[in-house]
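These notes are about the structure you will find just below.
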Amino acid sequence: MNMKLYKSLFISVAALGLFAAAGFSNAQSAGAKSKKVRVTRNYAASAKGTDRNVVPTGQYAIYTKPGTVKGARLVASKTTLSDLANSQSSKDYFRAYRVAKTNKGSYYAKVVSFDYQHRGWIYVGKTNPDSDWASVGYGLKQAQTTKQAAMPDTQTVQLTNPGVINSLWDAPYRSQYRAKKVLVDTTPYGGEDFTVTKSVEMTREETPYYYIVNDNDPSIRGWIYAGAVIEQVPTPTVNNDKIVYAKIIDADSGLVVADQTLTNTRTDLTNAPAFVATELGNGAADEAKLGAYAPGYTYKTLSAADKSANYSAIAGATYGGTVTVKARLASNSQPLDTIKDANLISK
């Protein structure tokens, strides 16, 4: 064989081998690259924040990156997350705020705990959770941090301890991620009426909260711990056209022994003095219901002056007014003036 031809063939075969080897190497690199897990989308969750309150299931851990991506480091183990899932404290809820998708079609949610102690990525399946957080699964499930509660019997309330301890919040404390105070110091509103418009209870702690609105300034509003307000029972409307207030005084001690509200329900008595006389008598004799209002008391042993004063008070009774009469215990059989006279005579 011609030496030149031999060399030419040798060089061609060697070159072909190198080309084939290079092609095989490139094919291997492309194959390895195609198998590598990488994030293809990473975006902020668009659903409203209250829909993105979640708790971990304990089936998947939280990582610094989506868990199958190279370089992901453990943030919270499955054991830790299982404990947080069963927590009775609202600080251990999570808020999901970003979503990532890998080239393998897996979705991950980035979450942060309400107390800021745990933050990272957790696997949530092959379906985009941002389309329906109520259906999120695998590593997370949706949480309802509060539940509806009964309204108080009286919706008008006042602050029991105005100041900085019980502030007004834009959401019940720790019912939402980054719940904040809308009114730090309630001191200026002590003694003012607020109206309760909503009532909830924390799901985990069962702590009650009211949403209150200031009656004088509706811009002063927010959530407050229910124990920081007291219900204001409205004063019932009284029809003074049919009422006389009566006080019975012990003639010896001067103490009030009966304080009564007399209500005229009779149709045959239209005048207040006649009505009071049927209830208390004429102030000089044991008539009507004196004994029912002041058991053991009598007019009989009163001095003439006290009897006369009683008679005048009853005769001058008016609806809506107060009648004050004196009486003495029946056991004190001797009129007070007689005792005084006897003492004077003995001297």
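Any read-out appearing in this document is the output of simple, stated calculations on the displayed coordinates, not a laboratory observation. The shown structure was predicted, so the numbers you read here are calculated from the model rather than taken from an experiment. Cβ placement follows ideal geometry from the backbone for every residue including glycine, while neighbour counts extend to all protein chains displayed.
See the values below:
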item	result
Fraction in percent of alpha-carbon pairs per bin - 10 Å, segment 205-324	12, 33, 17, 10, 14, 12, 2, 0
Long pairs among LYS48/LYS181; LYS48/LYS180; LYS126/LYS147; LYS78/LYS101; LYS91/LYS147; LYS78/LYS181, criterion Cα-Cα beyond 26 Å	LYS126/LYS147; LYS78/LYS181
Assigned charges on the beta-carbon of Lys, Arg, Asp, Glu; segment 148-231 dipole about Cα centre (debye)	480 debye
Relative exposure of LEU290, LEU269, LEU183, LEU255, judged by other C-beta atoms within 10 Å (fewest first)	LEU255, LEU269, LEU183, LEU290
For segment 39-142, size of Cβ-based charge dipole, Lys and Arg +1, Asp and Glu -1, in debye	460 debye
Cβ-based exposure ranking for GLU205, GLU279, GLU192, in which fewest neighbours within 10 Å come first	GLU205, GLU192, GLU279
